[in-house]
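Working notes for the structure below.
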Amino acid sequence: MKDTLKHRGMRNKLAELLEAKGITDKKVLNAIKTIPRHLFLDSGFEDHAYQDKAFPIGADQTISQPYTVAFQTELLQVKPNDKVLEIGTGSGYQTAVLLDLKAKVYTIERQQELFKKTKLFFTKMGYRPKKMIFGDGYKGLPEEAPFDSIIVTAGAPEVPKPLMSQLKVGGRLVIPVGVDEQVMTLFVRKSEKEFQKQELGAFRFVPLLEDKN
């Protein structure tokens, strides 16, 4: 599969749509225009890759809707060289968006089949996260903490405590919280003990599963 002018045109349209839906961060919109989302999907979905929809990617997982990816990324307020922990590598599309923003990305995936597939894909495409780990995202990555920001790309029934503790003071955690439907939640760490919490509307995610490896 190639990345063609037609694909680029479709990406520009997608970015316009996301802007119309309220995404304002130019760097995020630029990443949407740059990253060939169709290459992250099975070829059967190629024609639909630039619709604002989620699609299955195997192992009962999905590639998130572009709006959701842009919305979560915008909330992180990523600056170049920020250390970002991603829980749920999935297809790697969200990872690629973070890399496009020049973040140092540490990403964890708990589905072995998906982990192997995406790792191979990253190598082929030249995407270079700092670390790609097969493991339980609930535990975070204490040996690399603290992080400037943490993004969770699966619905969590509650906020895993280890993730809160691995956030820098001033850091941001974006996580969809809830069982059937999730509320996008932003935590900003104000001090060692204090977190500011903001709820930002309902989304639907595949569940974040604990101890499933």
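Quick look at the values:
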{"quantity": "Amide hydrogen neighbours beyond the local backbone of Gly155, cut-off 5 Å, H modeled", "calculated": "Phe205, Val206, Leu208"}
{"quantity": "Area accessible to solvent at Glu113, 1.4 Å probe radius, in Å²", "calculated": "120 Å²"}
{"quantity": "Accessible heavy-atom area order of Arg128, Arg37, Arg172, highest first, probe of 1.4 Å", "calculated": "Arg128, Arg172, Arg37"}
{"quantity": "Mean accessible surface per residue for the chain, computed with a 1.4 Å probe while every protein chain stays in place, in Å²", "calculated": "49 Å²"}
{"quantity": "Amide hydrogen neighbours beyond the local backbone of Gln65, cut-off 5 Å, H modeled", "calculated": "Ala54"}
{"quantity": "Mean-position separation - Cα centroids, the stretch 20-97 and the stretch 98-128, in angstrom", "calculated": "12 Å"}
{"quantity": "FRET efficiency, Glu16 to Glu181 (Cβ-Cβ, R0 25 Å, nearest 0.05)", "calculated": "0.35"}
{"quantity": "Of all accessible heavy-atom area on the chain, the percent that carbon and sulfur account for (1.4 Å)", "calculated": "51 percent"}
{"quantity": "C-alpha long axis of helix 66-76 to longest principal axis of the chain, angle in °", "calculated": "40 degrees"}
{"quantity": "Sorted largest first, extent of the stretch 5-203 alpha carbons per principal axis (Å)", "calculated": "50, 36, 35"}
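The values are calculated or read from the model by the stated rules, or taken from the named source; none is laboratory data. Quick caveat, the model's predicted, so the values are computed rather than measured. Methodologically, a virtual Cβ is constructed for each residue, glycine included, from the backbone with ideal geometry; neighbour enumeration extends over all protein chains shown. To get the accessible areas, we keep the full protein, side chains included, count just its heavy atoms, and leave off ligands, DNA and RNA. Shrake-Rupley method; radii C 1.70, N 1.55, O 1.52, S 1.80 Å.
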